[in-house]
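Note sheet for the following structure.
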Amino acid sequence: MKKQIAILGSTGSIGTQALEVIRSNPEYFTVEVISAQNNYTQLIRQALEFRPNAVVIGNKKHYPHIKKDLSTSGIKVFAGEDALSQVVEFDNIDLVLTAMVGFSGLKPTLNAIKHKKQIALANKETLVVAGDLITKLAVENNVTIYPVDSEHSAIFQCIEGEYGNPIECVYLTASGGPFRGKNKKYLQDATKEAALKHPNWNMGNKITVDSASLMNKGLEVIEAKWLFSLKPSQIKVIVHPQSIIHSIVQFEDGSMKAQMGLPDMKIPLQYALTHPARLKSGFPRFNFADYPALTFEQPDTKTFRNLKLAYMALEKEGNMPCTLNAANEIAVYAFLNDKINFLQISDVIEYCMETANFIMKPTLNDYFETDRKVRYKAAEFIEKMTGS
Ligand code: MN
């Protein structure tokens, strides 16, 4: 029996790499649904190659174009946010890969879990925003959430075969990004081109800026809490510039297990799709001669304040991580649009965390409200700050 996959966000970095994995293993997978927000030309190309049952385009204005190009293909075409949530309900889907960007992933992920689809989670923001609701719903529906994020996949692989042995702590490794070792004076004038040059990973713009600011690691700390039921004090971050060790689990006897390999998202992606099996792959192999030293250092949270802000949000709980995430999304896009400088990303987040309405036990609706209001608040603050 082939595993039937839906890919939400099939034209992004994770989505296209997932399709590469599927292309190499046609005997194991079929593609049932693919979706994209705007990139309809690539979505059409993917549809014609992989012949899914349905495609969904988020932005409705591209619908007529896709409909026309796929008119003789027999592939169903849908458009809009609601269609994206509904399409994961199809009977013939076994697993949904959530690879869209940011908060937009929340609704379809919740609906997929309600319909008992297994989840390969690449959209970390959904767990950051509403980890309590998602993990609870997953337990109720007997759904496994397979991490795609390389650090969390590493932890997931390290606890395999541990038969419930408690985790003492985990070390999430961070590359440090393109601005590792830089001071505030440098960051003040750092350009987006510099921020988008990640030393080890080739990813989408939003996550690459998050890596440069260490917010990506902050979001991953929160993601780890929900995936592995950890307390904040059990989650540590260590900078490892070579990105060969993807994370480490320390057990109660002091033993540490690390998972390593070249930085290649296709490895954790494929494992999320094939667990517990490992499929033979042609991915490049690690060569010790290329890496005479693997090094480690403490993260500089005085300069890179986002990591500290993320820990604060995690400690505070409630809707604070949702506030952190919404403020960060607005701030990152403002930076990418040359509205604010790199250091001001943290100012926007801090301001929103200090002034947004705090809710200790948020409902799903509270999360949507928080997201909406904080985006507005962040945008307003940016306007005031820049006088535009
Ligand atoms: Mn990661």
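The values are calculated or read from the model by the stated rules, or taken from the named source; none is laboratory data. Since the model is a prediction, treat every value here as computed from it, not as a measurement. Every residue, glycine among them, receives a Cβ derived from its backbone with ideal geometry; neighbour counts consider all protein chains shown. Each accessible area value is taken on the protein alone, full model and side chains, heavy atoms only, with ligands, DNA and RNA left out. Shrake-Rupley method; radii C 1.70, N 1.55, O 1.52, S 1.80 Å.
Annotation: R285 carries an accessible surface of approximately 150 Å², with a 1.4 Å probe and no ligand, DNA or RNA atoms counted.
Whenever you get a sec, compute what percent of the accessible area on the chain sits on carbon and sulfur atoms (1.4 Å probe). About 51 percent, which is the carbon plus sulfur part of the accessible surface. Compared with the direct C-alpha span, the chain from C169 to N202 gains 9.0 nm at full extension, assuming 0.36 nm per residue. In this structure, N357 and L336 have a Cβ-Cβ separation that, at R0 = 22 Å, corresponds to a calculated FRET efficiency of about 0.20. Figure note: K361, K3 ranked by solvent-accessible area, largest first, 1.4 Å probe, ligands and nucleic acids not counted: K361, K3. Select from K316, K373, K124 the residue whose mean-square fluctuation is largest in a Gaussian network model of the chain (Cα-Cα springs shorter than 10 Å). Checking each option, the largest mean-square fluctuation is seen for K316. Amide H contacts of M260: H246, each under 5 Å away and 5 or more positions distant or on a separate chain (H built 1.01 Å from N in the peptide plane; Pro and chain starts excluded).
Each part reduced to its alpha carbon centroid, the stretch 274-326 and the stretch 107-171 end up 16 Å apart.
Listed peptides 207-220, 83-96 appear in the order 207-220, 83-96 once ranked by packing, highest mean of other Cβ atoms within 10 Å at the front. Do any chymotrypsin sites (Phe, Trp or Tyr not before Pro) in the stretch 95-167 lie in a DSSP loop with no more than 11 other beta carbon atoms within 10 Å, and if so, which? When the chymotrypsin sites (Phe, Trp or Tyr not before Pro) of the stretch 95-167 are filtered for loop state and at most 11 Cβ neighbours within 10 Å, Y163 remain.
Can you give the FRET efficiency for I238 and H65, using 1/(1 + (r/R0)^6), R0 = 56 Å, r = Cβ-Cβ distance, to the nearest 0.05? That gives a FRET efficiency of 0.75. In terms of its Cα atoms, the stretch 288-388 spans 52, 36, 22 Å along the principal axes, sorted from long to short. Residue ranges 223-229, 170-176, 278-284 sort as 170-176, 223-229, 278-284 when ordered by packing (mean number of other C-beta atoms within 10 Å per residue, highest first). Counting only DSSP beta bridges with both residues in the chain, the antiparallel share comes to about 25 percent.
Dividing the summed -39500 (n - 2.57) terms of all DSSP H runs of n ≥ 4 by the residue count of the chain sets its mean residue ellipticity at 222 nm at -13500 deg cm²/dmol. Relative contact order, whole percent, for the stretch 295-388 stands at 34, derived from Cα pairs under 8 Å and 6 or more residues apart.
Heavy atoms of the protein chains alone define the surface here; on that basis the chain has 45 Å² accessible area per residue at 1.4 Å probe size. Placing dummy labels 7 Å off each Cα toward the beta-carbon, the span from N38 to T274 is 3.5 nm.
Restricting the calculation to Cα atoms, every distinct pair contributes to the Kirkwood radius of the stretch 3-147, found to be 14.9 Å. When the C-alpha to C-alpha distance is required to be over 23 Å, the pairs from K61/K373; K184/K225; K225/K257; K217/K266; K76/K280; K60/K266 that qualify are K61/K373; K184/K225; K76/K280; K60/K266. Going by a ≥ b ≥ c, the root eigenvalues of the Cα gyration tensor, does the stretch 241-349 fall in the rounded group (a/c under 1.5), the prolate group (a/b larger than b/c) or the oblate group? Prolate. Taking the stretch 294-357, which chymotrypsin sites (Phe, Trp or Tyr not before Pro) meet the DSSP loop condition and have no more than 13 other C-beta atoms within 10 Å? Passing sites in the stretch 294-357 are F296.
Look at the alpha carbon pairs under 8 Å that are at least 6 residues apart: their mean separation over the length of the chain gives a relative contact order of 14 percent.
Here the contact order of the stretch 3-147, divided by its residue count and restricted to Cα pairs under 8 Å and six or more residues apart, works out to 22 percent. In sequence order, the stretch 105-114 has phi-based couplings of x, 4, 4, x, 5, 4, 5, 4, 5, 4 Hz under the Karplus curve 6.51 cos²θ - 1.76 cosθ + 1.60, θ = phi - 60°, and Gly or Pro positions carry x. Shape class for the chain: rounded, because the ratio a/c of the largest to smallest gyration tensor axis (alpha-carbon atoms, square roots of eigenvalues) is under 1.5. Based on the alpha-carbon gyration tensor of the stretch 134-284 and its eigenvalue square roots a ≥ b ≥ c, which shape applies: rounded if a/c is under 1.5, prolate if not and a/b is larger than b/c, or oblate? Here the stretch 134-284 falls in the prolate category. Evaluate the stretch 1-73: find the radius of gyration of its Cα atoms, find its Kirkwood radius, and give the ratio Rg to Rh. For the stretch 1-73, the value is 0.96. In summary, the stretch 119-162 shows an alpha-carbon radius of gyration equal to 1.18 times the 2.2 N^0.38 Å reference for compact globular proteins.
Using θ = phi - 60° in the Karplus curve 6.51 cos²θ - 1.76 cosθ + 1.60, the 3J(HN,Hα) couplings for the stretch 10-21 round to 7, 9, x, 4, 5, x, 5, 6, 5, 5, 4, 4 Hz; x is entered for Gly and Pro.
Calculated FRET efficiency, Y186 to L262, Cβ-Cβ distance, R0 = 25 Å: about 0.30 to the nearest 0.05.
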